[in-house]
Structures are given as structure tokens and as C-alpha cells.
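Reading through the C-alpha cells given below for one structure.
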Amino acid sequence: MDLLHAAVSVEQQIEQTAKHGVYVCPPKTARSHRTVPLPRTAVDAMKVHLRDFPADGPEGWIFTAPQGGPVVYTHFRDGSWRPACAKAGIARGTGPLALRHHYASLLIKHGESVTTASQRLGPTNAAMTLNIYTHLWPDSEERTRAAVDKAYADQSADAQPQVDEAA
């Protein structure tokens, strides 16, 4: 996490399996390695968190389990996620994946391209992002009309538009 440049780099993930327990490993795919810009509110919250709970050196965990070490998903879900959802009035059964969808929805609503959304989310490719979130991109009918109207707005109402014969 680079708070000076307001970004977090995804370079590893925590896995939990019955056979191997909890361990750190690389992200699932090459595209999962990415840098995600942090909004000012997240940077400010992280500064407060790190002031109150300093990481144990540059390689230390930012969020730790009560006994130290990484936070195990099941403990996070039961001990933090569900109580936070209940406090916020979020429907029971809403999982952490909802945050990913919310983030994608915010990016799209505020005009980010499918390429940018895909880079931030880290799926296999932009087509996957488009397949999942295509319904959220705004309909372009009005933009299409406006583009054509703007192209001919400089011509007077009496003049015939010049048509490119090659077209």
C-alpha cells in the first residue's frame, strides 16, 4: 500500500484450504496483479488505522487476526463483515463480493471505460468485465442523436447538408 501516491498494488493473496491451511500465494492470474488508485477517504481511513494499529514493518500485515498473522476469511466474514452489514442495514446474506460489484458500478456510473474498469477489477480480460457489467453502461441513443445534431448545428436551417459522396 502506497499512501503517499494513494494506491494499492495487488501482488499476493491469502488462500485458505482444508489441506494446506492459510498461506500467502500469488494472485490467480497475471491480470490480477494490478495497481488500484485509492480514493482520499480510503487513504485517510488507512492513516488513522495505521496510527492506531501500526504494521510490523514494511512487510507487516495491515489487518491482523486477534492472535496475529493474516485475517482468515471465515473469521473476517463472521467477526467483521456480518456485524458491519447488520449495523449498516445491509441485507443479511450479502457477501463481500458485493463490494466488488459496487466498486464496478461506481466506476461505470462516473464514466470510466470498460478498459479502465477491467484494469481496476483484474479479471481475465475486458470482455469478461463487459459481459458482467454491460447493463450498467449508459444507453447511447441520446449521445448518438446529439453527435449528429452537433455535426449539422453550424449549418443554417435553409441550407442543405453537404454529403460526402464517398459515404
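Take every Cα pair under 8 Å whose residues are at least 6 apart in sequence, average their separation, divide by the length of the chain, and the relative contact order is 16 percent. Taking chymotrypsin sites (Phe, Trp or Tyr not before Pro) across region 18-89, the ones in a DSSP loop with at most 12 further Cβ atoms lying within 10 angstrom of their Cβ are 63. Ordering of 39-49, 127-137 by packing is 127-137, 39-49, highest average first (other Cβ atoms within 10 Å, averaged per residue). Express the carbon and sulfur contribution to the solvent-accessible surface of region 1-140 as a percent, rounded to the nearest whole number, probe 1.4 angstrom. Accessible surface attributable to carbon and sulfur in region 1-140 totals 59 percent.
With the helix formula -39500 (n - 2.57) applied to DSSP H stretches of n ≥ 4, the chain reaches a computed 222 nm mean residue ellipticity of -11000 deg cm²/dmol. Using only Cα atoms, tell me the angle between helix 97-109 and the longest principal axis of the chain; keep it within 0 to 90° and round to the nearest 10. Result, in degrees: 30.
The Kirkwood radius of region 72-136, taken over pairs of alpha-carbon atoms, gives through the Stokes-Einstein law at 4 °C and 1.567 mPa s a diffusion coefficient of 99 µm² s⁻¹. Region 65-108 and region 19-54 have their alpha-carbon centroids 14 Å apart. Here's how it looks for residue 10: its modeled amide H is under 5 Å from those of 34, 35, 36, which are all 5 or more places away or on a different chain.
Can you give the log10 of the normalised intensity I(q)/I(0) at q = 0.23 Å⁻¹, computed with Debye over equal Cα scatterers of region 1-106? Reported log10 I(q)/I(0), two decimals: -1.69.
Surface analysis of region 22-81 yields an accessible area of 71 Å² per residue, using protein heavy atoms and a 1.4 Å probe.
The values are calculated or read from the model by the stated rules, or taken from the named source; none is laboratory data. Predicted model only: the values in this text are computed from it and were never measured. Virtual Cβ from ideal backbone geometry, glycine too; neighbours counted across all protein chains shown. SASA here: full protein model, heavy atoms, side chains in, ligands and nucleic acids out. Shrake-Rupley method; radii C 1.70, N 1.55, O 1.52, S 1.80 Å.
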